[in-house]
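In what follows, a single structure is set out as structure tokens and then discussed.
The values are calculated or read from the model by the stated rules, or taken from the named source; none is laboratory data. Note that the coordinates shown come from a computational prediction; the quantities given were computed from them, not determined experimentally. Glycine gets a Cβ as well: all are built from the backbone with ideal geometry, and neighbour counts include every protein chain shown. The accessibility values were calculated without ligands, DNA or RNA, using every heavy atom of the protein model including side chains. Shrake-Rupley method; radii C 1.70, N 1.55, O 1.52, S 1.80 Å.
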Amino acid sequence: MKKITLSPHAAQRLEERNISMVEIVFTIKKPGHLIESFQHRKITVKQIENEKRHVVYIEEEEEMVVITVY
């Protein structure tokens, strides 16, 4: 699996929304749904406990860059 890095915006949202990096990795590795979005972005959705996690990222040649999470 490629390295996962966070944009500054995504890092801020993780902290604000109390989302762990483990949840991000789990959502990307084993999504419930994967949606192709604009500008080569992907949105993964995963139900974790009683909440849905959405991870928006771009897959580059050597890494996946997380744009935002909610």
On the accessible surface of the chain, probed at 1.4 Å with all protein chains in place, carbon and sulfur together account for a percent value of 50 percent
Partner lysines whose C-alpha sits under 17 Å from that of Lys2, ignoring same-chain residues fewer than 8 away, are Lys29, Lys30, Lys42
Karplus-derived 3J(HN,Hα) from phi for segment 44-53 (6.51 cos²θ - 1.76 cosθ + 1.60, θ = phi - 60°), whole Hz, x at Gly and Pro, runs 9, 10, 9, 7, 10, 6, 9, 10, 8, 10
Rounded to the nearest 10 Å², the 1.4 Å probe accessible area of Glu51 is 100 Å²
GNM of the chain, Cα pairs under 10 angstrom: of Glu49, Glu23, Glu60, the biggest fluctuation goes to Glu49
By accessible area (1.4 Å), largest first, Ser20, Ser7 order as Ser20, Ser7
Mean-square fluctuation maximum in Gaussian network of the chain, Cα pairs under 10 Å, restricted to Arg17, Arg41, Arg53, hits Arg17
Two pseudo-spin positions, 7 Å from Cα along C-beta at His40 and at Lys3, lie apart in nanometres by 1.8 nm
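For the chain, what does the accessible surface come to per residue with a 1.4 Å probe? Please give it in Å².
For the chain, the per-residue accessible area is 68 Å².
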Among beta bridges assigned by DSSP with both residues in the chain, the antiparallel ones amount in percent, to the nearest 5, to 80 percent
When the chain is treated as a Gaussian network with springs between alpha carbons less than 10 Å apart, the largest mean-square fluctuation among Val45, Val22, Val56 is found at Val22
The chain -> Rg/Rh from Cα coords, Kirkwood Rh, value 0.93
Length gained if Arg17 through Asn50 is fully extended, taking 0.36 nm per residue and subtracting the Cα-Cα distance, is 10.4 nm
